[in-house]
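So the structure is just underneath, and the comments pick up after that.
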Amino acid sequence: MADAQRDDALEWPQTLDVASLLGRGWRPTPFREFVLKVHSRCNLACDYCYMYEMADQGWRRQPRKMARPTVDRVAERIAEHARAKLLDRVDVTLHGGEPLLAGEDHLRYTIETVRAACAPEAEVRFHVQTNGVLLDRRFLDLFLEHEVRVGVSLDGDEEGHDRHRRTSTGHGSFQSVQAGLERLRDEPYRRLFSGLLCTVELRNDPVRTYEAMLAFEPPTIDFLLPHGNWDAPPPGRPPDTSTPYGDWLVAAFDRWYRSREKRTRVRLFDDIMMLLLGRPAGGEAVGLSPVAIAVVETNGRIEQVDSLKSAYEGASATVLHVSRDPFEDALLLPSIAARQIRDSALAEQCRACRLRFVCGAGHYAHRYRSGTGFRNPSVYCHDLQRLITHVHGVVSEEVAVIRARRDRATAGGSGGSGGSGGSGGDDQMGGGSKSASRWRPSMKTTASG
């Protein structure tokens, strides 16, 4: 059931007055990323999946595959939006379910149709997020031909991965995923590899998990907290001030940060560091950057980000459809505007917290509580505070070392080229180091319940 049809329609953000926001000068951020649900089913039965195992069971009513006429209309709507908003580039992610179940021919049709509709004004960068089981050379040749970047879901080593990521018959998927990853890492496909997604599991050792993924030499690793909220807490997240997920992530951070050579970016850690240094971060997990993502379901329905399906039936739904509605209309929905108004969307406790510009109340889906909606602290509030304050301490220590080295060089009279080099290095941390030195996180958490 869609947001507008819920009996408790007074939950936030349904009470958000978008007309008032516009009157005060707010303007929506155009969609720059479009997630296309090209196939609604999956060949795995992961027991933590928000699509199939959590509150919203709408997938059962979706067609298995996005029909070609729907693809045509989606392509027209993306092109229409790009031209109206003067965008010279958009990102399109082929998603599911498992997108490779749509088949090579259908994916080719989708890629070529969207690109043709947007040309020549807007470049389209394609991505695919897959579980890797079906990733063979037929698909890789297609992705190479069309420069489609490939992300794969992997939860560490075989034991950790197969704890949740199993087939419907209960067999682990690690061996199949490993084979797909090895093909992806081969030439000439290697340059298509965008990274690995890993859902945090407290029973899996964090360092062992990180190192198992590192063995595949991914350009990026993205650690995802399991989806949950105040009504349905994540596994192992008790209603107290303990920090099990924060501790897990701190251990992974220390292993990553202390590496002599960082060839792999860990997005969550990078984003926190950039935010601490006063710079923007583009992910949903932390920070207050406007979310500029639209999802198109297999039946052509325009939706919000699909992780909201973890909250309740219809949490991601809108009344819009590509057959009749432009993406522009979605930008003015309260549920989507709420993701673009920065700290104005935060709960009172979060707005009073010194961590707010870094934490941003965490992932939006993790804030839900029936009765108040999404205007709450994250169910991971204490864990996020633990991780952010730890990263802040590590970064502050390194900034202090850099400053001391610069001061010694200056005192030693090497203010020429040496001083310039030191200043350049400090500039990279400089603006951030000043903001970091002014910013002192409160040790009092903001969550309740």
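Among the criteria (1) in contact (Cβ under 8 Å) with a residue 12 or more places away in the chain; (2) open to solvent by 60 Å² or more (accessible area, probe 1.4 Å), the one residue 316 does not fulfil is (2).
Each row is one residue, and each column tells you yes or no for (1) touching a residue at least 24 places away in the same chain (Cβ under 8 Å); (2) closer than 24 Å to residue 43 by Cα; (3) in contact with a strand residue (DSSP E or B) (Cβ under 9 Å, 6 or more places away or on another chain).
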{"site": "162", "(1), (2), (3)": "no, yes, yes"}
{"site": "183", "(1), (2), (3)": "yes, yes, no"}
{"site": "193", "(1), (2), (3)": "yes, yes, yes"}
{"site": "211", "(1), (2), (3)": "yes, no, no"}
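Scanning region 344-359 for residues that are open to solvent by less than 60 Å² (accessible area, probe 1.4 Å) and more than 20 Å from residue 20 (Cα to Cα) turns up 350, 353, 355, 358, 359.
If you go through region 375-397 and keep only what is open to solvent by 10 Å² or more (accessible area, probe 1.4 Å) and within 19 Å of residue 337 (Cα to Cα), you end up with 375, 376. Please verify whether residue 340 is under 24 Å from residue 20 (Cα atoms) and over 21 Å from the mean Cα position of the chain (by Cα), treating the condition exactly as stated. So residue 340 does not fit the description; no. If you take the residues of region 55-85 that are assigned to a loop (DSSP other than H, G, I, E, B), at pLDDT 95 or above and of a type in the set (A, V, I, L, M), which of them is surrounded by the most Cβ atoms within 10 Å (Cβ to Cβ)? The selected residue is 66.
Say whether the condition of being free of Cβ contacts under 8 Å to residues at least 40 places away in the same chain and closer than 24 Å to residue 84 by Cβ is met by at least one residue in region 270-281. No - not one qualifying residue is present in region 270-281.
Confirm whether residue 40 is among the hydroxyl-bearing types (Ser, Thr, Tyr) and over 30 Å from residue 198 (Cα atoms). So residue 40 fails the test. Within region 366-399, the set of residues being over 20 Å from the mean Cα position of the chain (by Cα) and closer than 20 Å to residue 55 by Cα comprises 369, 370, 371, 372, 373. If the condition is being out of contact with any Asp or Glu (no Cβ under 7 Å at 6 or more places or on another chain) and of a type in the set (A, V, I, L, M), then region 373-409 contributes 379, 384, 387, 388, 391, 394, 395, 399, 400, 401, 404, 409. Is there a residue being assigned to a helix (DSSP H, G or I), of a type in the set (Asp, Glu) and under 19 Å from residue 127 (Cβ atoms) anywhere in region 206-222? Scanning region 206-222 turns up no residue that is assigned to a helix (DSSP H, G or I), of a type in the set (Asp, Glu) and under 19 Å from residue 127 (Cβ atoms).
Identify, please: which residue in region 250-287 is in a helix (DSSP H, G or I) and open to solvent by 50 Å² or more (accessible area, probe 1.4 Å) and is, among those, farthest from residue 197 (Cα to Cα)? The selected residue is 274.
The values are calculated or read from the model by the stated rules, or taken from the named source; none is laboratory data. The structure presented is a predicted model; accordingly, all values stated were derived computationally and were not measured. Backbone-built Cβ (ideal geometry, glycine too); neighbour counts: all protein chains shown. Side chains included, ligands, DNA and RNA excluded: accessible areas come from the protein's heavy atoms. Shrake-Rupley method; radii C 1.70, N 1.55, O 1.52, S 1.80 Å.
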